[in-house]
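The structure appears right after this line, and notes come after that.
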Amino acid sequence: MKTPDAIPASNSASEPARLIVDLAALRHNYSVLTSLAPNARCAAVVKADAYGLDAEPIATVLRDAGCTEFFIATPQEGAALRKALGPAAVIYVLNGFQAGLHAAFAGHGLIPVIGSSDSLRAFHQEGGGAFALHVDTGMNRLGLTVDETLALPAAHKAGLHLVMSHLACSDDPPHPMNARQLARFHDVLKAFPGIPASLANTGGVLLGPDYHFDLVRPGVGLYGINPASQSAEPFRPVLHVDAPILQIRSVPAGDTIGYGARYVAQSERTIAIAGFGYADGLPRAAWQSGTARLGGICVPVAGMVSMDLTAIDITGHEAFARETGRMQFYGEDLGPVAGASGTIGYELLVRLGSRLKREYSGR
Ligand SMILES: *Cc1c(COP(=O)(O)O)cnc(C)c1O
């Protein structure tokens, strides 16, 4: 057995893994979405800290690119966003209105997206004002039923800014649920002449103009994920992780790599140990068929992902690995790595660990 190489691959191995967010790609994706839905206004969904990428720089760049409407999940997120964006931005709170919170919403100029008759009543009792109505057309998550919506008293429509619903299967364009929800939404809108309407998330934008209405609400497409595909197209990848190669070792045929000795080297392999693991968000399940990049070269994960480390098979590319001392994760591989891990790109984004230093390029 060869002895492990104790010498760091390069000096840059001393710098821990960083998350690099390409703000030029974000702007590009926003303009792709606006040109896909030219007759609608294009809001930005920046909930969950802009899907883990940090809502402040993301929303600021989108505002400067012409976005005026933003969706977040909670009033706490809304208050932080208001501080970042100033008074002009329109900020909607998707998780609804809870009794007692009127002052919290009004104090930061937040518009609740109200999704039940009870909370709508409470909102009006506490003073009312601008709100959006969430109608359930088949998802059974948040939203008044179609019947409840059609029975709303006129007084409860005072302040109504937007009628919206949400698609359950927009990541699967041929799914019959899409057309069914669209038809129900049209039925509901007959009761709201003149009120702006919104149905489409990213997948809905990609379903075409029938789904666009007055306002589209993309989230994940802004961040470079096509929810209906493992490829980013028509979007551009926005983030990648740049991780140090902490060590390069030669593993003889028949040896195993990592926890559980699950990976068996079928021939002699050159293995790079990257400083990026499941504590940083890389799913443990990525070991089976996950990939990383050495410059532009796609290289497979080899062995169980550890908390802080992942072994990558770089056989044939050792010289290049020693020269650069770094490996890249996610980027154009985000969709395939999510699929290989039994999850979706959305989840990989929001799982990005707080230990990763965030760097923003392309300002
Ligand atoms: C999260 C969310 C969106 C954005 O969805 P993407 O699939 O990320 O584009 C839009 N509308 C609602 C109600 C949401 O919860």
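Bear in mind these aren't lab numbers, they're just calculated from the coordinates by the rules spelled out. Remember, predicted model here, so these are calculated numbers, not experimental data. Neighbour counts run over all protein chains shown; Cβ positions are idealised from the backbone, glycine included.
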Taking segment 269-330 and dividing mean pair separation by its residue count, relative contact order in percent (alpha carbons under 8 Å, at least six apart): 40
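Could you work out the relative contact order of segment 23-223, using alpha carbon pairs under 8 angstrom and six or more residues apart, expressed as a whole percent? Walk me through the numbers before you get to the answer.
Details: 373 pairs, mean separation 42.5, N = 201.
The value is 21 percent.
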Tilt relative to the chain, helix 176-189 - C-alpha long axis, 0 to 90 degrees, to 10: 30
Distance between segment 79-128 and segment 20-71 - C-alpha centres, whole angstrom: 21
Degrees, to the nearest 10: 55-64 long Cα axis against longest axis of the chain: 60
Mean ellipticity per residue at 222 nm, deg cm²/dmol - from DSSP H runs of n ≥ 4 across the chain, formula -39500 (n - 2.57): -7500 deg cm²/dmol
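What is the Rg over Rh value, at two decimals, for the chain, using alpha-carbon atoms and the Kirkwood definition of Rh?
Working: Rg = 23.6 Å, Rh = 22.2 Å.
Computed over Cα atoms, the ratio is 1.06.
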Residue-by-residue Karplus 3J(HN,Hα) for segment 132-148, coefficients 6.51, -1.76, 1.60, Hz, glycine and proline x: 10, 9, 9, 10, 7, 10, x, 7, 6, 10, 10, x, 5, 5, 4, 4, 4
Cα centre as origin, Lys/Arg/Asp/Glu Cβ charges: segment 1-122 dipole, Debye: 220
Cβ-placed point charges (K, R +1; D, E -1), dipole of segment 292-348 about Cα centre in debye, nearest 20: 80
0 to 90° range, to nearest 10: angle between helix 75-85 axis and the chain longest Cα axis: 80
5 angstrom amide H check on residue 314, placed H, neighbours 5+ away: 270, 271, 272
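For segment 1-139, calculate the relative contact order in percent as a whole number, restricting contacts to Cα pairs under 8 Å that are 6 or more residues apart.
About 15 percent, as a whole number.
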Alpha carbon centroid spacing (whole Å) that separates segment 145-168 from segment 294-350: 46
Where only alpha carbons of segment 164-299 are counted, the Rg and the Dmax (Å): 22.5, 72
Over segment 23-223: Rg over Rh, Cα atoms, Kirkwood Rh: 0.95
Rg/Rh ratio calculated on Cα atoms of segment 288-363 (Kirkwood radius): 0.97
The chain: antiparallel DSSP beta bridges as a percent of all, rounded to 5: 50
